[in-house]
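Enquirer: Take this structure, written in structure tokens, and hold onto it; I'll ask about it next.
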Amino acid sequence: MSERSDTPLLRAIGRWSLAALVLNSIIGSGIFGLPSIVAGLVGTWSPFAYLLTAMGMGLIMACFAEVASRFTAAGGPYLYAREAFGPFIGMQIGWLTWLVRITAAAANANLFVIYLAEFWPPADDPFPRALLLTLLIGGLAAVNYRGVRTGAQVSNVFAVLKLVPLLLFIGLGLLFMRPIEARPVTLSVEAWLHAVLVLVYAYGGFEAALLPMAEARNPQRDAPFALFVALVMVTTIFTLIQVVVMSALPDAARTERPLAAAARAFSGAWGAGMISAGALISVYGYLSSMMLNAPRLTFALAERGDFPDVFAAVHPRFRTPHISIVVFALLTWGLALAGTFAWNVMLSAVARLFTYASTCLALIVLRRKGREEPAFRLPHGPLLAILALAFSTVLVTRMGRGEVIVLILTSLLALANWFWRTQRERRQARVLSP
């Protein structure tokens, strides 16, 4: 592959740190609110919705595993699309990926303050909220500004911390489990598709962990390992959580905080407090992974001339893309103040499906174009890629008018970016020509 390997960044992310980064990028706010939504859509069948989504997402992650194993540079889906389809499509996917990262991080930052208000009610007032968001996002930006090794260590710690309350919730819930009460619900294809699309948000985010591959020690070998380990873990955790919620709450669809309500049902107030604290830890861990991952996207865009050169600047002491980190933190802070969580679930899920589809299609194209074998070769890769494309295409049809408008605007921004890049290349060519 034609990619830059002379990156000035520090390769400090090991195999298990990468697996923790993938896990941290997946488990965020979704699992604390989605069980009630899924229960309302498909009732007692909701645990099977998680398994069905895992099958579709497993196809997509398997395609990512092969494609990622061809590269050692930063960029993730943007880089894969650029190599497979050229700079124009690569830029479209790059902007779409950036949209997902910023809105997802902003929504989770906003949700952190909402959960904190359960313990400290003034947190939701305008001034304390703005101050908390500044400290939250600014603190994580400072950690990652000073070095990728520190950022990866923070991600590792929170990957473990966020699992503790979830595993405790599962263990106690199964210990005190009651028969799941069957309630009448009208099942339809539309309800199942809606449930799976919502759960794409819960399973999504893994692609963000592939953005900083220029700082992974052995990205071609470690990326497939990290993806498959995370898929098995999150599928098990998510499905068991839904089983516990359905067992503890006869009418799970009627609560906005299903895990806290379920924990209160079988372990009292301390259980609800534990889960609320776990939600804070989970969202903070998710944000820590986003602050490490997302700035590497704009760094990769600038490194290849698709963004202004300033985004490719590397700090001379800390060897981090410090300008990209600062810009991402400022944009996240601004959008978090606007409060975008509820709408972000659907927008993020739909936007991700386009980036997933591009990588699945890239598998087929890169197999034809590439001379060397990938470090991981997916058995029956083209067939599985087609199935993953079909899965994404069916779900994309569920998007609404609002999502369509935002995607069109993002595409237009990418188009303007493309014209800027073309004009700059022409000016450079005129300067160099005799």
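Enquirer: Find, among the trypsin sites (Lys or Arg not before Pro) in segment 358-397, those assigned to loop by DSSP (not H, G, I, E, B) with at most 15 other beta-carbon atoms within 10 angstrom.
Expert: 371, 377
Enquirer: Enumerate the amide H contacts of residue 255 below 5 Å, restricted to partners 5 or more residues apart or on another chain; note that Pro and chain-start residues carry no placed amide H.
Expert: none
Enquirer: With runs of 4+ DSSP H residues as the only contributors, calculate the mean residue ellipticity of the chain at 222 nm using -39,500 (n - 2.57) per run, divided by the residue total and rounded to the nearest 500.
Expert: -25000 deg cm²/dmol
Enquirer: Evaluate the charge dipole of segment 199-301 about its Cα centre and quote only its size in Debye, nearest 20, assuming +1 on the Cβ of each Lys and Arg and -1 on the Cβ of each Asp and Glu.
Expert: Dipole magnitude for segment 199-301 comes out near 100 debye.
Enquirer: Residue farthest toward the positive end of the dipole of the chain, with Cβ of Lys/Arg at +1 and Asp/Glu at -1: which of 385, 189, 407?
Expert: 385
Enquirer: So which trypsin sites (Lys or Arg not before Pro) in segment 93-149 are both in a DSSP loop and have at most 16 other Cβ atoms within 10 Å of their Cβ?
Expert: Filter output for segment 93-149: 146.
Enquirer: Next up: Return an integer: the convex hull volume of the alpha-carbon atoms of the chain, in Å³ per residue.
Expert: Roughly 138 Å³ of hull volume per residue.
Enquirer: Checking understanding here: applying a Kyte-Doolittle mean of at least 0.5 and a length along the axis of at least 27 Å (C-alpha), which whole DSSP H helices in the chain pass?
Expert: Span-like helices in the chain: 46-68, 87-116, 126-145, 148-175, 219-248, 258-293, 341-369.
Enquirer: Under the definition of Cα pairs under 8 Å and six or more residues apart, what whole-number percent is the relative contact order of the chain?
Expert: Relative contact order for the chain comes out at 35 percent.
Enquirer: Now, a different point. Size of the dipole of segment 15-421 about the Cα centre, Lys and Arg at +1 and Asp and Glu at -1 on the beta carbon, nothing else charged, in debye to 20?
Expert: 700 debye
Enquirer: Could you list which residues have their amide H under 5 Å from that of residue 13, counting only those 5 or more apart in sequence or on another chain, with H placed in the peptide plane?
Expert: Close amide H contacts, sequence-distant or interchain: 216, 217.
Enquirer: Could the peptides 378-390, 395-407, 317-329 be put in order, highest first, of the mean number of other beta-carbon atoms found within 10 Å of their residues?
Expert: Descending packing order for the listed peptides: 317-329, 378-390, 395-407.
Enquirer: Order of 295-301, 37-43, 134-140 by packing, highest average Cβ count within 10 Å first?
Expert: Listed from highest to lowest mean packing, they are 295-301, 37-43, 134-140.
Since every read-out is calculated from the coordinates, none of them should be taken as a lab result. None of the values given here were measured: they were computed from a predicted structure. Methodologically, a virtual Cβ is constructed for each residue, glycine included, from the backbone with ideal geometry; neighbour enumeration extends over all protein chains shown.
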